[in-house]
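> I have a structure here, written as structure tokens, and I will follow up with some questions on it.
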Amino acid sequence: MSDLSPENAAIAAENLSFAWPGKPPVIDIERFYVERGERVFLRGPSGSGKSTLLGLVGGVLTPSRGRIHLLGTDLTALSAAGRDRFRGDHLGFIFQMFNLIPYLGVLENVLLPAQFSSARALRIPGGDLAAEGCRLLAALGLGGDDYLSRPVTELSIGQQQRVAAARALLGRPEIIVADEPTSALDHDARGDFLQLLMAECRTQGASLLFVSHDTSLGAMFDRVVSLADINRVALGSTRAAVNA
Amino acid sequence: MKTLQLAWRSLRNRRTTALLTISAIAVSVALLLGVEKMRSAAREGFSNTVSGVDLIVGARSGQLNLLLYAVFRVGDATANVSWESYQKIARHPDVSWTIPISLGDSHRGFRVMGTTPDYFRHYRFAGDREMRFASGKPFADLYDAVIGADVAAQLGYQVGSAIVIAHGLGNVSFAEHEDKPFTVVGVLERTGTPIDRTVHVGLQAITAIHIDWQSGMQALPGARVSAEQARALDLTPQSITAFMVGMESKVMTFTMQRAINEYRQEPLLAIIPGVALTQMWNLVGIADTALMIVAAFVVLAGLLGMLTAILTSLNERRREMAILRSVGAGPRHVFTLLVTEAGLLASAGVAAGIALCYGLIFAAQPVLERRFGIFLDPGGLRSYDLAILGTIILAAILMGALPAWRAYRNTLSDGLTIRV
């Protein structure tokens, strides 16, 4: 870990702090690293600054202080449009629920990143987007054509999360960020989903930043980090501020 | 391209709202286009009433008055033109031809016009169209009449029908020239001009039927002149109502106009039909400008409906925007997406509006032509129409910037947070 520098880490945050204008900081992290290919479980109950951290990693928020490097690129040095492009090229997101665009089909949802990022489209072997989309869906347990023709709104939540995972993985982005992707799933589906997701991340060599409050899943990861431990803004005081 | 596709799919997903919005725009566009078509049809019909005539000459009154009674058969002449003055001008070397007009009688509400066969030869309407006979031929005998298409259609006349001319212009007349009946010898093709509502007879016929009349009354039975006796008399009129002039060379028109207006023997007025028509249209045209303004406001209402529909959809689409952002879309993409949506809705509305307008024109055309004599030429979309339609789409896109701006702001504040 000690040889890690911002240049060769997947995610490198140093002295990272963020505050909404005129408010006390919600995030103040001295150092947070994710290695390339590493799978990190980030435990973060609600109110711990989790959304803010993900916004900073995703480049939709800019830190008030400090720097955040992704894959050796200093996000704070990029323009807003540059950060959008970087996110499209190198990051895959899976959210808690409602991950899919309701008016697009299953495959169209999976192929969405290739619409916005030519880099990701180019990384698809042979350039056959549809084949790669089907391969990912199959790898995540949604094989067979009968899923493809169904409106996404008719899929079960578990199936929707798999489609979302396939979309996040399309075009081999180096970093996958999953924000409570299993919290809407039942216990068995949760394990299955996680196994498939991790297997595919391994195949693609992607780093995985998995945020959840469900500590029972932590054992499957390379490392477990508690946001409350690294965020110097005390959890208690945030709660107090929220309740006030 | 991808934005267009996304916008299209998104609209398809909300097709009920989208279709209603498109319908509202379509109806308003059809109205606007229809009003514009009617307007140009009316204007064309108006300026098409007379052409090929260089000057219209009557007793000195107003320009519009002369135009109204000589061309549109509306209103009355205040005075006549003496036969001598007419002859003097008609024989002028610069004058190619003249058409004398004698008005004042009617037949069952249609005006009777005394003229010469030159009328059928020289009079033009709608650019360079000449009068054509649907059946029969010009009048030759003293008691022959040629009727317009409306007269034939409404009164059920054909070649060979006998008609009696009434004295004066009333729809119901108590004084009739029943002793000198006329025979229809010709029916003109429809022209879409006042010709359709006119009964044409020879200039001498007008003199003949009035030969035994004095101060609006027929002479007592003993002093009457029969139809056959009248043939033997000199039927050269003392005066005519007005006449039309065709010049040998158009260049001489203004000189001749000035000469006639300064004619010392008799107070005369010469007008150039095109100039007078334009002046009159400026008067009549106010009404349809008002109609056009109303139609424009209806379009505005349609576009505001679109704005409402898009604004209402924004909140429920915040998660859609967050998903798009997570795969690399910037706030600018979101802005473009919504503006594209507005553009698509307006374009679809305009296209449907064009279809609706033409559908209505084709459906209504026979009725309009039969009942009102308005020929609504569906025609193509002229550059003016296209400019209007383009403006509507442009306005929609500009209005779409409002919801797009709201979505842009939402996107910035929501980031990757999915709000439900």
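Laboratory data are not the source of any read-out in this text; all were calculated from the coordinates shown. Computed from a predicted model, the values in this text were never measured in an experiment. No Cβ is skipped: glycine too gets one built from the backbone with ideal geometry, and neighbour counts run over all protein chains shown.
> Kindly rank B:56-68, B:378-390, B:271-283 from highest to lowest mean number of other beta carbons found within 10 Å of each residue. List each step's numbers first, then the result.
Working: B:56-68: 20.2, B:378-390: 13.2, B:271-283: 15.9.
With the highest mean Cβ count within 10 Å placed first, the list reads B:56-68, B:271-283, B:378-390.
> To check my understanding: the extent here is largest minus smallest coordinate of the Cα atoms along each principal axis. What are those three numbers for the protein assembly as shown, in Å, largest first?
136, 51, 51
> For a distance above 18 Å, tell me the whole-number percent of Cα pairs in the range B:48-169 that qualify.
Details: 4328 of 7381 pairs.
Beyond 18 Å sits 59 percent of the P(r) for the range B:48-169.
> Taking the 0 to 90 degree range and rounding to the nearest ten, how far is the long axis of helix A:187-204 tilted relative to the main principal axis of chain A, both from C-alpha atoms?
90 degrees
> Also, I was wondering about something else. Cα-based Rg (one decimal) and Dmax (whole number) for the range A:26-94, in Å?
In order Rg, Dmax, the Cα atoms of the range A:26-94 give 12.1, 31 Å.
> If you stretched the chain out fully between residue B:369 and residue B:255, how much longer would it get, using 0.36 nm times the residue separation minus the C-alpha to C-alpha distance?
On the way: separation 114, 0.36 × 114 = 41.04 nm, distance 4.01 nm.
Length gained between residue B:369 and residue B:255: 37.0 nm.
> Could you state the number of Å between the C-alpha centres of the range A:162-213 and the range B:387-420?
Each part's Cα centre sits 33 Å from the other's.
> Which helices pass in chain B if a helix is a full DSSP H run, must span at least 20 angstrom along its long axis by Cα, and must have mean Kyte-Doolittle hydropathy not below 0.0? Present the calculation step by step, with values, prior to reporting the outcome.
Details: long enough: B:15-47 (46 Å, 0.78); B:273-316 (63 Å, 1.47); B:331-372 (58 Å, 1.00); B:383-414 (45 Å, 0.78).
Flagged H segments are B:15-47, B:273-316, B:331-372, B:383-414.
> Taking the highest mean first, how do the peptides A:154-160, A:170-176 order by number of other beta carbon atoms within 10 angstrom per residue?
Numbers: A:154-160: 15.6, A:170-176: 23.4.
Going from most to least packed, we get A:170-176, A:154-160.
> Still on this model: What is the mean projected area of the alpha carbon convex hull for chain B, to one decimal in square nanometres? Working shown, then result.
On the way: hull surface 106.2 nm².
Directional mean of the projected Cα hull area for chain B stands at 26.6 nm².
> Right, here's the next one. Compute the long axis of helix A:129-139 from its Cα atoms, compare it with the longest principal axis of the Cα atoms of chain A, and write down the angle in degrees, 0 to 90, nearest 10.
80 degrees
> Residue-wise, which Karplus ³J(HN,Hα) couplings in Hz belong to the range A:32-40, taking 6.51 cos²θ - 1.76 cosθ + 1.60, θ = phi - 60°, and x for glycine or proline?
Karplus values, whole Hz, x for Gly and Pro: 9, 10, 10, 6, 5, x, 7, 10, 10.
> What whole number of Å gives the distance from the Cα centroid of the range A:70-143 to the Cα centroid of the range B:285-344?
First find each Cα centre; the distance between them is then 29 Å.
> If you don't mind, there's one more thing I want to ask. How much FRET efficiency would the formula 1/(1 + (r/R0)^6) give for residue B:118 and residue B:308, where r is the Cβ-Cβ distance and R0 is 45 Å, rounded to 0.05? Walk me through the intermediate numbers first.
Numbers: r = 64 Å, r/R0 = 1.43.
Plugging the Cβ-Cβ distance into 1/(1 + (r/R0)^6) gives 0.10.
> Using only alpha-carbon positions, what ratio does the radius of gyration of chain A give when scaled by 2.2 N^0.38 Å?
Numbers: Rg = 17.8 Å, N = 244, 2.2 N^0.38 = 17.8 Å.
Its radius of gyration relative to the 2.2 N^0.38 Å reference: 1.00.
> Taking springs between alpha-carbon atoms closer than 10 angstrom, which of B:223, B:77, B:152 fluctuates most in the Gaussian network model of chain B?
B:223
> FRET efficiency for residue B:154 and residue B:234, Cβ-Cβ distance as r, R0 = 60 Å, nearest 0.05? Walk me through the intermediate numbers first.
Details: r = 36 Å, r/R0 = 0.60.
E between residue B:154 and residue B:234, to the nearest 0.05, is 0.95.
> If I fit a long axis through the Cα atoms of helix A:80-90 and take the longest principal axis of the Cα atoms of chain A, what angle between them do I get, 0 to 90°, rounded to 10?
50 degrees
> How many partner chain Cβ atoms sit within 10 Å of a residue's Cβ in peptide A:106-119, on average, as a whole number? Mind dumping the intermediate values first?
Numbers: counts 0, 0, 3, 2, 0, 1, 8, 3, 3, 9, 9, 2, 0, 1.
What the average comes to for A:106-119 is 3.
> A follow-up question, please. Residue by residue through B:314-324, how many Cβ atoms from other chains fall within 10 Å of the Cβ on average? All intermediate terms of the calculation are to be shown ahead of the outcome.
Values: counts 0, 0, 1, 2, 0, 7, 6, 0, 5, 12, 4.
If you average over the peptide's residues, the count of other-chain Cβ atoms is 3.
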